[in-house]
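Since the structure comes first, as structure tokens, the remarks are kept for the end.
The values are calculated or read from the model by the stated rules, or taken from the named source; none is laboratory data. Fair warning: this is a prediction, and the values are worked out from it, not measured in the lab. Every residue, glycine among them, receives a Cβ derived from its backbone with ideal geometry; neighbour counts consider all protein chains shown.
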Amino acid sequence: MTAFWRSPWLGPSVALLVVLAGFAADQGLGLILAVWLAAWGINIWLSNSGRAIGGFVVPILFGATLLVLWELAVRLYEVSPVILPAPSAIWARLITSTDTLWADFVQTIVKGAMSGYVMGCAAAFAVALAVDRSPFLQRGLLPVGNFIAALPIVGTAPILVMWYGFGWQSKAAVVVVMVFFPMLVNTVQGLKASEVMQRDLMRTYAASYWQTLFKLRLPAALPFIFNGLKICTTLALIGAIVAEFFGSPTVGMGFRIKIEVGRLAMDMVWSSIVVAALAGTGLYGLMAMLERKLTFWHPSQR
Amino acid sequence: MRAGLGGGLMRGMAGTVHHVMPILAVLGVIVALWYAASVGMNRAWTLDQAERAGEELSAGEVIADAMNQERPVLPTPHQVFAELWETTAGEPVMRERRGELRGNPRSLFFHAYQTLAPTLLGFLFGTTLGILLAIGIVHNRAMDMSVMPWAIASQTIPILAIAPMVIVVLNSIGIEGLLPKSLISAYLSFFPVVVGMVKGLRSPGAMDMDLLKTYSAGTLATLLKLRLPASVPYLFTSLKVAIAAALVGAIVAELPTGARFGLGARLLTGSYYGQTIQIWSALFMAAICAAALVALIGLAERVTLKRMGLAR
Amino acid sequence: MAGDPEYRMADPATQPPVIEAKNLDLTFQTNDGPVHALKDVSLQIDKGDFVSFIGPSGCGKTTFLRVIAALEHPTGGAITVNGMTPDEARRNRAYGYVFQAAGLYPWRTIEKNVKLPLEIMGFSRAEQEERVRNVLQLVDLEGFGKKYPWQLSGGMQQRASIARALAFDADLLLMDEPFGALDEIVRDHLNEQLLKLWARTEKTIGFVTHSIPEAVYLSTRIVVMSPRPGRITDVIENDLPKERPLDIRDTPEFLEIAHRVREGLRAGHAYDD
Amino acid sequence: MAGDPEYRMADPATQPPVIEAKNLDLTFQTNDGPVHALKDVSLQIDKGDFVSFIGPSGCGKTTFLRVIAALEHPTGGAITVNGMTPDEARRNRAYGYVFQAAGLYPWRTIEKNVKLPLEIMGFSRAEQEERVRNVLQLVDLEGFGKKYPWQLSGGMQQRASIARALAFDADLLLMDEPFGALDEIVRDHLNEQLLKLWARTEKTIGFVTHSIPEAVYLSTRIVVMSPRPGRITDVIENDLPKERPLDIRDTPEFLEIAHRVREGLRAGHAYDD
Amino acid sequence: DEVTLQLQWVTQAQFAGYYVALENGYYEAEGLDVTIQPGGPDIAPPQVLAGGGADVMLNWMPSALAARERGLPVVNIAQPFASSGLMLTCWADTGITEPADLAGRTIGVWFFGNEYPFLSWMSQLGIPTDGGENGVTVLQQGFNVDPLLQRQADCISTMTYNEYWQVIDAGVSPDDLITFKYEDQGVATLEDGMWVLEENLEDPEFVDRMVRFVRASMEGWKWAEENPDEAALIVLDYDETGAQTEEHQTRMMGEVALLTAGSNGALDVAAYERTVATLLAGGSDPVITAEPEGAWTHMITDQALSE
Ligand SMILES: Nc1ncnc2c1ncn2[C@@H]1O[C@H](COP(=O)(O)OP(=O)(O)OP(=O)(O)O)[C@@H](O)[C@H]1O
Ligand SMILES: Nc1ncnc2c1ncn2[C@@H]1O[C@H](COP(=O)(O)OP(=O)(O)OP(=O)(O)O)[C@@H](O)[C@H]1O
Ligand SMILES: Cc1ncc(C[n+]2csc(CCO)c2C)c(N)n1
Ligand SMILES: [Mg+2]
Ligand SMILES: [Mg+2]
């Protein structure tokens, strides 16, 4: 019995059945399923083969599959381009609009998101230290801080635009508010992560607060801190882009997306989204790389 | 016996004071800063008005006016709380309309309910999806390598941009009401769960894993007996972030559904008509909901960790 | 070193060897160069053997036990367990393993920790309760079942982990310094219990220890190892009778074997005293 | 039990006692009721004493050491260290503590782990290097300084943690089964080294062990404890000469003291064999 | 029969006619079951129409014609608003007195398809819109009047019936403001027309439904014009956000009535052509590049008005 579900033939035969069922229901569906399962099969084979190229090829193949499916679906079901454009159309638009997209990227990601990300994470980190240091603040500031951080972005963005103007500064402010809470929660949790014996050791040395912090608690907190930093990269992007919906100069990715939706230029909208996704993945990847370097000792990295 | 009871009571009260005092202190500082900021930001308007009317105002008059404008740049705490009070305690939650009993759009409770329902449903979807994805990622190399980058990419798509399309598409296939909103909530909340759970599920040490290997425990047993329990602290941290994100998702989703009701709609219409006091009270209601939800999860966390013997 | 220590005649009447290792090599790659943890290790263990491993710290005892249990894979040589690869044997649940550190799951009470393998192997509820009670009694931990690991002393934790490995009846028990953190009296007590268990059940036992008297008291064979690279330097047959009262440890035969072990051990050390 | 074991005359010429515990009580609250870990423990330790604690597992040895180091606070009784409260003494960096488990920081190499207390106490760079080299040599870990803890065997980790406690010269060394995971030869070697260190530096040492010979070989006094509730049942003076070659362990005087300890220990155990 | 109407903004008196028709049973009388979907800043009604989420949408003509050129063939079937309510509102103390003074200023403009009239106007004036000494600096204005009140902009876009009054309500006296109505500048474009998908018009059943819908809607509009106070109350009653005030809606109804007064529902072809001319003149980046064909029809209104 166990041999049955371990059988290498099980996967392919189930896949074949699914594809046949798909064709029976609808030609297009069958085709889509076939492409999907074939690509997935190749991926499984590649990633299990343990070859070094796997790490590079697999996600790309996966993405390429998604794109092919998307293109297929749009063509087979004749989806209106004002609802969802085909990837080929998006690509065509992307390569002809690089100037605009670059200007938007600088305005929104570099000026708005990144500066806000740095300030917000740094502030959350500092507050986490303060909160951790003082039981009074822990009981007083943490609940209140949680409360303030829970103010939803759609509400705070208009207010922050009103306060900080239409430029990137207000976007950075929105990002600060957005990343603050996840970073705070993770850092506070991380600062509690060291083990009792590890802390006792520091006590026997009569290590000062700062020594314990730097030599024990921060290293032990790093896995949690990176958790926060990673989640916050994507939040920062969303924050900066969404904030532009509530007022902006005539440049920026949020601005672009908004006006192009109004003009039904969905290919341009998706081009901007592609840039956002690339930027987000890049930032996230950067953080993941740093994490790998700095928390090599954590079981999750070994 | 009586003494014991009284003592217990006293200690309970002392405990409460111990917990509430710092919050009150911090709140006090914030309220004071807030008043100062209100006066600072609203003053210009008062002076502008006075100048145009050709009047001279004393400092006291300026402050009094700045704290009680009808459309202040920054409403004062008492204005916001008065509004909160009027729209909660001062309004019935339901009202009679053409023979039907319906939600009263002037009650913030009604709007909060309209937002919380999709929040919770979306949180449920998102958390479930997040945990399942994390489990897949931890167990399947192909998923690990392919899903994660695209999950990240999915999060950088500005939700406000695609929410309308999602709603339009879902509407056109006949799905409306709670579900589209919940889906957007779920979309925002699954990601923190994936990230946290992947880490958590991978957190057991080498020896803990080896032990189960010597039992030749299957994948499922390893998951249930080791990986999941070990990931619980990570799970709760993620859940706290996720539920706040779910609330934001529900609010965002209210805008492209025609901003009919819910705290998001309330925020939005408030902002179209420049009613800052309404914006702030809706904002506070949202934050109260979020804080309550986060606190609820914190409570669940403490109970769970205690029951698991992990709280020391 | 005794002639060719690696092989001895298998009794043709008995089953095939439980463990057969041939020229095992194992090298760890670390940040500052490779570590040769096992080099050319050959050993045969038959059913019902009680084999002790002794040697300076870092000589590869733990590594060898881990190779047997398929927790580590050799970089050279061959090993079979019950005629299978260690991985297959593991899938047949051949092993009871006691780790060098207790390694209890912090979210489970002592009782639940001991129950863990039983749950995984699908014992019935009643059977689980019964077995847990028995083994906790065996290691003298009755009354501590409901406590969490961090509420126990170091020695108590280690006893709990021994109980966990004994709870299900694995044919092959691998124990990595199980009694390291115990005092002499408890240790004597558990030594006796272990011997009784072994005599009663015909288990095969691989046992790492640092105590020469313990090794001599318990085993049918004593494997002496030496570090850098980790290798077997001596295999000493112990022909003391199977019935061993505690005071056998004062007999000249016992002391004679202990002496041989000590000599073998000393040879592997750097200190020349 | 020997008369009044708890007190002995302090030599009026020497300093005040390093540790003075009077009627210590310590109860842990756990999920299923209180555990009485220490009951009515009184003990005086003078400067230069080498005191061993021995007793069945769970009798409160670790707990007592932790109380001395201000890691645990007694629920009753009084304790002073160097005439101060333990907390004050801790702030004066009076302690070198070796925990029962190694407790190395996984993000630091062995070298860096040993350096940790030196960094905290502000030793100069050059001094740090020097001391690390010395203590790593002392515990026979030269060449492993650049490895991470999980790349070492159990015994090597324990030696690293001993090195860490020896690296800075605390006047009061508290060692909780430091040699538990070491083989006899290394253990003998380290025992000798420790004795030399003690003789040279006049440190005061509190030492938990499960080995009766080790306790007798090392200490000036042996404290025998007994569990449930944890208490001191005997304090045995060890008047062997300060100069102790390893083969002193075969002298009748040595065996006589060892016998007394074993009797005291056995009295605290449940097994009547 | 069911009809879904997609508004282009939140529930307010701007759409009073439809709510009146619903409340007073005019739709019911025509055998219609009408659902009115409010809009908002992130809803593009053409997209909803394309996705099948609505049968009819309300839209400003520039946006609808742009959609048409993008490949979404929408057709105007009725035009209840005869004239435009769009204007630019500026602080008088900035020294702006005529359109030429706008050069060098910061101006808040609604985007999302609503920027076209402004861009045409500027290109007719010869003022560049990318900042600089002689150009205007354009801000994407959120849909409220804060940028003006905060003096982040010298001028902002307002509707005669809504935003302008918000500025006044904020305590600004009309004397402190100077306004430029698009109507007066000759760059007005038609607002709030009813649009449907072209392909649907081939279906007689759909046409019939629309005829009844337009007829009932216009009945609603005329009632609203005559009973502005009651109409405002009806709108208020349908507002599910509870944010609207009676005072503001009543006044809005009054202003809206001025814009709908001149229309019986049929599209005024002259006004249409003026709009198209304005849009074609859109400078370097015109809204539409070619004269649209078949973007409107009188088929529905002819039938609706004849019976
Ligand atoms: N995961 C690992 N990575 C790198 N080196 C390792 C690893 N595990 C063990 N080693 C090295 O392999 C050698 C043998 O280690 P092993 O744990 O087998 O020793 P041992 O005989 O069990 O010692 P002890 O008695 O101290 O437990 C040591 O030098 C150790 O540093
Ligand atoms: N944190 C704690 N919470 C509750 N009970 C505890 C805690 N620490 C120790 N105990 C209990 O206190 C008693 C004494 O423990 P202690 O660790 O001092 O024993 P020990 O003498 O060091 O034993 P061993 O030789 O096994 O290390 C034990 O019964 C133990 O269960
Ligand atoms: C999606 C969308 N948003 C705004 C407008 C323009 N508009 C139409 S009515 C109105 C409010 C007037 O008070 C505004 C700003 C539009 N056409 N479409
Ligand atoms: Mg080992
Ligand atoms: Mg202990």
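Determine which single condition residue B:162 fails, assuming it passes every other condition in (1) under 30 Å from residue A:264 (Cα atoms); (2) more than 9 Å from chain A (Cβ to nearest Cβ); (3) assigned to a helix (DSSP H, G or I).
Result: residue B:162 fails condition (2) only.
Being at pLDDT 80 or above, more than 7 Å from every other protein chain (Cβ to nearest Cβ) and crowded, with 20+ Cβ neighbours inside 10 Å narrows it down to one of B:183, B:211, so name that one.
From the options B:183, B:211, the qualifying one is B:183.
Consider residue E:237 against the criteria (1) touching a residue at least 40 places away in the same chain (Cβ under 8 Å); (2) more than 14 Å from chain B (Cβ to nearest Cβ): it satisfies all of them except one. Which criterion is unmet?
(2)
Considering every residue within segment A:103-118, establish whether at least one is within 14 Å of chain B (Cβ to nearest Cβ) and either acidic (Asp, Glu) or without any contact (Cβ under 8 Å) to a residue 40 or more places away in the chain (or both).
Looking through segment A:103-118, at least one residue is within 14 Å of chain B (Cβ to nearest Cβ) and either acidic (Asp, Glu) or without any contact (Cβ under 8 Å) to a residue 40 or more places away in the chain (or both).
What's the number of the condition residue C:132 fails, among (1) β-branched (Val, Ile, Thr); (2) touching a strand residue (DSSP E or B) at 6+ places or on another chain (Cβ under 9 Å); (3) more than 13 Å from every other protein chain (Cβ to nearest Cβ); (4) more than 13 Å from ligand 1 (Cβ to nearest atom)?
(2)
One residue is enough: does segment A:223-239 have a residue meeting the conditions farther than 30 Å from residue A:276 by Cα, under 27 Å from the mean Cα position of the chain (by Cα) and in a helix (DSSP H, G or I)?
No, segment A:223-239 contains no residue that is farther than 30 Å from residue A:276 by Cα, under 27 Å from the mean Cα position of the chain (by Cα) and in a helix (DSSP H, G or I).
Is there any pair with a first residue in segment B:26-43 that is within 24 Å of residue A:142 (Cβ to Cβ) and a second that is hydroxyl-bearing (Ser, Thr, Tyr) and surrounded by 16 or more Cβ atoms within 10 Å (Cβ to Cβ) whose Cβ atoms are under 9 Å apart and which are 6 or more apart or on different chains, and what are they?
From segment B:26-43, the pairs are B:34/B:76; B:35/B:76.
Criterion first (of a type in the set (A, V, I, L, M, F, W, C), at pLDDT 90 or above and over 15 Å from the mean Cα position of the chain (by Cα)) does residue C:26 satisfy it?
Yes; evaluated as a whole, the condition is true for this residue.
Please give the number of the condition residue D:224 fails out of (1) away from ligand 2 (no atom under 12 Å from the Cβ); (2) surrounded by 24 or more Cβ atoms within 10 Å (Cβ to Cβ).
That leaves (1) as the condition not met.
Per-residue answers, yes or no, for (1) at pLDDT 70 or above; (2) farther than 29 Å from residue A:147 by Cα:
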site: B:10; (1), (2): no, yes
site: B:22; (1), (2): yes, no
site: B:28; (1), (2): yes, no
site: B:34; (1), (2): yes, no
site: B:40; (1), (2): yes, no
site: B:44; (1), (2): yes, yes
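Condition test on residue C:69, is it away from chain D (no Cβ under 14 Å), within 16 Å of ligand 1 (Cβ to nearest atom) and not polar (S, T, N, Q)?
Here the answer is yes, as residue C:69 does meet what is asked.
Only one of D:35, D:139 is within 12 Å of chain C (Cβ to nearest Cβ) and surrounded by fewer than 23 Cβ atoms within 10 Å (Cβ to Cβ). Can you tell me which?
Result: D:35 is the single residue among D:35, D:139 that is within 12 Å of chain C (Cβ to nearest Cβ) and surrounded by fewer than 23 Cβ atoms within 10 Å (Cβ to Cβ).
Given the condition outside any strand (DSSP E or B), buried (at least 24 other Cβ atoms within 10 Å of the Cβ), within 16 Å of ligand 5 (Cβ to nearest atom) and more than 9 Å from chain C (Cβ to nearest Cβ), answer yes or no: does some residue in segment D:56-64 qualify?
Yes, some residue in segment D:56-64 is outside any strand (DSSP E or B), buried (at least 24 other Cβ atoms within 10 Å of the Cβ), within 16 Å of ligand 5 (Cβ to nearest atom) and more than 9 Å from chain C (Cβ to nearest Cβ).
Looking at (1) buried (at least 24 other Cβ atoms within 10 Å of the Cβ); (2) in contact with a Phe, Trp or Tyr (Cβ under 6 Å, 6 or more places away or on another chain), which one does residue A:240 not meet, given that it meets all the others?
Unmet condition: (2).
Please state which one of C:180, C:230 is touching a residue at least 60 places away in the same chain (Cβ under 8 Å), crowded, with 20+ Cβ neighbours inside 10 Å, within 16 Å of ligand 2 (Cβ to nearest atom) and closer than 20 Å to residue C:62 by Cα.
When all the criteria are applied, what remains is C:180.
Return the residue satisfying two criteria in turn: it lies in segment B:22-69 and is within 14 Å of chain A (Cβ to nearest Cβ) and within 19 Å of residue E:176 (Cβ to Cβ), and of such residues it is surrounded by the fewest Cβ atoms within 10 Å (Cβ to Cβ).
That would be B:44.
Criterion first (at pLDDT below 85 and out of contact with any His (no Cβ under 7 Å at 6 or more places or on another chain)) does residue C:200 satisfy it?
Answer is yes for this residue.
When the residues of segment E:151-206 are narrowed to those that are in a loop (DSSP other than H, G, I, E, B) and aliphatic (A, V, I, L, M), which ends up nearest to residue E:50 (Cα to Cα)?
E:190
Tell me the residue from A:262, A:247, A:285, A:280 that is free of Cβ contacts under 8 Å to residues at least 60 places away in the same chain and either among the polar types (S, T, N, Q) or more than 9 Å from chain B (Cβ to nearest Cβ) (or both), please.
It is A:262.
Can you tell me which of (1) within 14 Å of ligand 3 (Cβ to nearest atom); (2) modelled with pLDDT of 90 or more; (3) in contact with a Gly (Cβ under 9 Å, 6 or more places away or on another chain) is the one residue E:27 doesn't meet?
It is condition (1) that residue E:27 fails.
Here are some residues: A:160, A:237, A:142. Which one is touching a helix residue (DSSP H, G or I) at 6+ places or on another chain (Cβ under 6 Å) and facing chain B (nearest Cβ under 8 Å)?
Just one listed residue meets the conditions, A:237.
Rundown of residues vs (1) of a type in the set (Val, Ile, Thr); (2) under 30 Å from residue E:147 (Cβ atoms); (3) facing chain A (nearest Cβ under 10 Å); (4) in a helix (DSSP H, G or I), yes/no style:
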{"residue": "B:238", "(1), (2), (3), (4)": "no, no, yes, yes"}
{"residue": "B:242", "(1), (2), (3), (4)": "no, no, yes, yes"}
{"residue": "B:264", "(1), (2), (3), (4)": "no, yes, yes, yes"}
{"residue": "B:279", "(1), (2), (3), (4)": "yes, yes, yes, yes"}
{"residue": "B:282", "(1), (2), (3), (4)": "no, yes, yes, yes"}
{"residue": "B:286", "(1), (2), (3), (4)": "no, yes, yes, yes"}
{"residue": "B:291", "(1), (2), (3), (4)": "no, no, yes, yes"}
{"residue": "B:294", "(1), (2), (3), (4)": "yes, no, yes, yes"}
{"residue": "B:299", "(1), (2), (3), (4)": "no, no, no, yes"}
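Considering each of C:161, C:153 in turn, give the residue that is surrounded by 21 or more Cβ atoms within 10 Å (Cβ to Cβ), more than 9 Å from chain D (Cβ to nearest Cβ) and of a type in the set (S, T, N, Q).
When all the criteria are applied, what remains is C:161.
Taking the residues in segment C:126-168 that are under 20 Å from the mean Cα position of the chain (by Cα) and of a type in the set (Gly, Ala, Ser) as candidates, determine which candidate is farthest from ligand 3 (Cβ to nearest atom).
Once the filter is applied, the top-ranked residue is C:155.
Take the residues in segment C:59-107 that are among the basic types (Lys, Arg) and touching a residue at least 40 places away in the same chain (Cβ under 8 Å), then tell me which one is farthest from ligand 3 (Cβ to nearest atom).
My answer is C:61.
In this structure, is residue E:262 outside any helix (DSSP H, G or I) and within 14 Å of chain B (Cβ to nearest Cβ)?
Answer is no for this residue.
Select, from E:48, E:75, the only residue that is away from ligand 5 (no atom under 16 Å from the Cβ) and either out of contact with any Asp or Glu (no Cβ under 8 Å at 6 or more places or on another chain) or charged (D, E, K, R) (or both).
Of the residues listed, the single one that is away from ligand 5 (no atom under 16 Å from the Cβ) and either out of contact with any Asp or Glu (no Cβ under 8 Å at 6 or more places or on another chain) or charged (D, E, K, R) (or both) is E:48.
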